[in-house]
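Data first, discussion second: the structure below is written as structure tokens.
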Amino acid sequence: MGILDKIFKNKTEEFNFCRFPYPENVSKCMVDNLKNGILFEGNNHFIPWTKTYTDLSNENIEIDKRGDRTIFKFGIQKVLNGLELNLTSMKWLDTKSKVSFASIESNLGQDEQGRTEAIRIKDHLVNLFGEPNETNEEEEWEMSLCWRFDNVEISIVGWSHFAMKYDIKIGLVNDPNWAFMKKLKSR
């Protein structure tokens, strides 16, 4: 662990997160939380982004080891002012266990059902944070929406893979688990 990791880790461990229900300035409170981690609102359990995959093994969650990845299943949790999502975090086999988990995601469904859920969540997020910073909805079924707050982002993506699939991802912009994918794309 480098000196910057230690400083960031100590800063996050000292972070006094906003508890649910949030005070008056809901959006600011949620953004402050998201810059440091994720709050499961149902039980006010805050998990900092600096937690490693090894640390996640100590959480009360299901761990599903597959060939090229490990899925950490948090189950259905309330986040972002009451959104109920079935949350997971995925670690590629090539990623070291001492790397920060840095993001969570949820599959919203596919085809019409998935698109309906993605639009419902988009409307919820627009009410909280305003219009997304980045948007691409040129194709009828595909979508790419992103709300960015400094080092963290919330994205909703609709993409085609045998069917239209919709996902939401919440986490650090520079997720170390996905760093090797960026290297592959740049070649």
Looking at (1) over 30 Å from GLY114 (Cα atoms); (2) surrounded by 12 or more Cβ atoms within 10 Å (Cβ to Cβ); (3) at pLDDT below 90, which is the only condition MET1 fails?
(2)
Hey, ILE76 of a type in the set (A, V, I, L, M), modelled with pLDDT of 95 or more, surrounded by fewer than 19 Cβ atoms within 10 Å (Cβ to Cβ) and in a strand (DSSP E or B) or not
yes
Among the residues of region 47-66, count how many are surrounded by fewer than 18 Cβ atoms within 10 Å (Cβ to Cβ) and among the hydrophobic types (A, V, I, L, M, F, W, C).
2
Enumeration of residues in region 23-39 that are outside any helix (DSSP H, G or I) and in contact (Cβ under 8 Å) with a residue 24 or more places away in the chain:
LYS35, ASN36, GLY37, ILE38, LEU39
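Residue-wise test of (1) more than 21 Å from TRP49 (Cβ to Cβ); (2) modelled with pLDDT of 95 or more; (3) part of a strand (DSSP E or B).
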| residue | (1), (2), (3) |
| --- | --- |
| GLU105 | no, yes, yes |
| GLU117 | yes, yes, no |
| LEU125 | no, yes, no |
| THR135 | yes, no, yes |
| GLU139 | yes, no, no |
| GLY158 | yes, no, yes |
| LYS165 | yes, no, yes |
| ILE168 | no, yes, yes |
| MET181 | no, no, no |
Regarding region 103-121, can at least one residue be identified that is surrounded by 13 or more Cβ atoms within 10 Å (Cβ to Cβ), among the basic types (Lys, Arg) and within 14 Å of ASP167 (Cβ to Cβ)?
yes
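The values are calculated or read from the model by the stated rules, or taken from the named source; none is laboratory data. Being a predicted model, the structure only gives us computed values, none of them experimental. Here the Cβ is made from the backbone with ideal geometry for all residues, glycine too, and neighbour counts use every protein chain on show.
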